[in-house]
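Enquirer: After the structure tokens below, expect a handful of questions from me.
The values are calculated or read from the model by the stated rules, or taken from the named source; none is laboratory data. What you see is a predicted model; the values in this text were computed from it and never measured. Neighbour counts run over all protein chains shown; Cβ positions are idealised from the backbone, glycine included.
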Amino acid sequence: MAAKLKQQKIVDAQNVDALMKEYICELNTCPNKHGFCFKVDGVHLKVFPQHLNTWSIGINNDEASIENPPMDLAKMFMPSKSGQVNPFRENVQKSSTPNIAHGSLPQSTPTSGPFHGYRLPPPYFYPPYGLFTPHSQSLHMTAPPDSHVEAHIDLHSLSVVSESEGCEKLVVYINWLAQKTPKLAHKFAAAKDIILERDFTFKDLPKLSDAKYDAMGISDGIAYQIKSYTVKFDESRAKGRV
């Protein structure tokens with residue numbers, strides 16, 4: 001069984017070397033220089049080692065080629081520069097699916113005014129909204145003296161705070177894991193970006209199945225550590241060690 005699994009991994013990764021040679025980024029102005037980038041319409045999309053393996057499997061299954069990644073994988077790529085948009089992302093203002101031909105993604109015309117895209121969060125800042133805004137505070141201060149209304153606003157504020165803390169805690173946690181295994185730091189950083197991009201928070205990490213981590217392109221070893229050490233992290237944090 002072990003021999004078969006080893007052989008399967010070799011087959012799965014047989015296209016990785018070719019992909020690495022094709023997509024190594026040497027552009028001086030790219031934040032991901034010396035990493036791997038898939039370029040579409042001038043946008044550099046970061047390709048992590050986990051993505052290369054998934055891409056290779058897609059080629060083996062005739063679902064992709066060296067020039068074009070699987071569509072589901074392409075949608076996961078994150079722009080190397082903050083504020084840019086992954087052209088493969090579906091958005092409600094576009095009615096057609098983009099052509100994934102490398103470097104020649106067609107532009108569709110929105111039917112209701114120009115679409116300016118959305119900004120992706122910087123690598124270590126999440127979520128892309130503030131905990132409180134003057135508008136939300138104004139709502140709370142001017143609400144009528146009705147206990148049900150006030151309770152609803154307070155619960156909403158608490159849910160926003162809780163979600164933000166969960167994302168920030170996730171970032172601290174995965175950075176903590178990376179510090180313990182410096183050789184795997186780049187893989188932890190890639191996994192962190194992928195998990196945040198999927199809107200998961202710290203409390204979700206041990207609940208996610210192995211199949212889910214695999215579908216996100218996160219290796220078995222990295223997934224195991226992310227799932228296994230949340231309790232130890234909480235203990236260390238409570239003792240002021242983190």
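Enquirer: Scan segment 12-22 residue by residue and report those that are out of contact with any helix residue (DSSP H, G or I) (no Cβ under 7 Å at 6 or more places or on another chain) and in contact (Cβ under 8 Å) with a residue 40 or more places away in the chain.
Expert: Across segment 12-22, the qualifying residues are A18, E22.
Enquirer: For I66, only one of the following conditions fails: (1) touching a residue at least 12 places away in the same chain (Cβ under 8 Å); (2) closer than 29 Å to D199 by Cα; (3) surrounded by 15 or more Cβ atoms within 10 Å (Cβ to Cβ). What is its number?
Expert: (2) is the only condition that I66 fails.
Enquirer: Given the criteria surrounded by 13 or more Cβ atoms within 10 Å (Cβ to Cβ), at pLDDT 90 or above, in a loop (DSSP other than H, G, I, E, B) and not aliphatic (A, V, I, L, M), does E26 qualify?
Expert: The answer is no for E26.
Enquirer: One residue is enough: does segment 55-69 have a residue meeting the conditions part of a strand (DSSP E or B) and either out of contact with any helix residue (DSSP H, G or I) (no Cβ under 7 Å at 6 or more places or on another chain) or among the acidic types (D, E) (or both)?
Expert: no
Enquirer: Give the number of residues within segment 1-23 that are surrounded by 15 or more Cβ atoms within 10 Å (Cβ to Cβ) and either outside the structural domain of N61 (by TED's automatic domain parsing) or assigned to a loop (DSSP other than H, G, I, E, B) (or both).
Expert: Number of matching residues: 2.
Enquirer: Only residues that are hydrophobic (A, V, I, L, M, F, W, C), assigned to a helix (DSSP H, G or I) and surrounded by 11 or more Cβ atoms within 10 Å (Cβ to Cβ): list them for segment 205-242, please.
Expert: L205, A215, I222, A223, I226, F233
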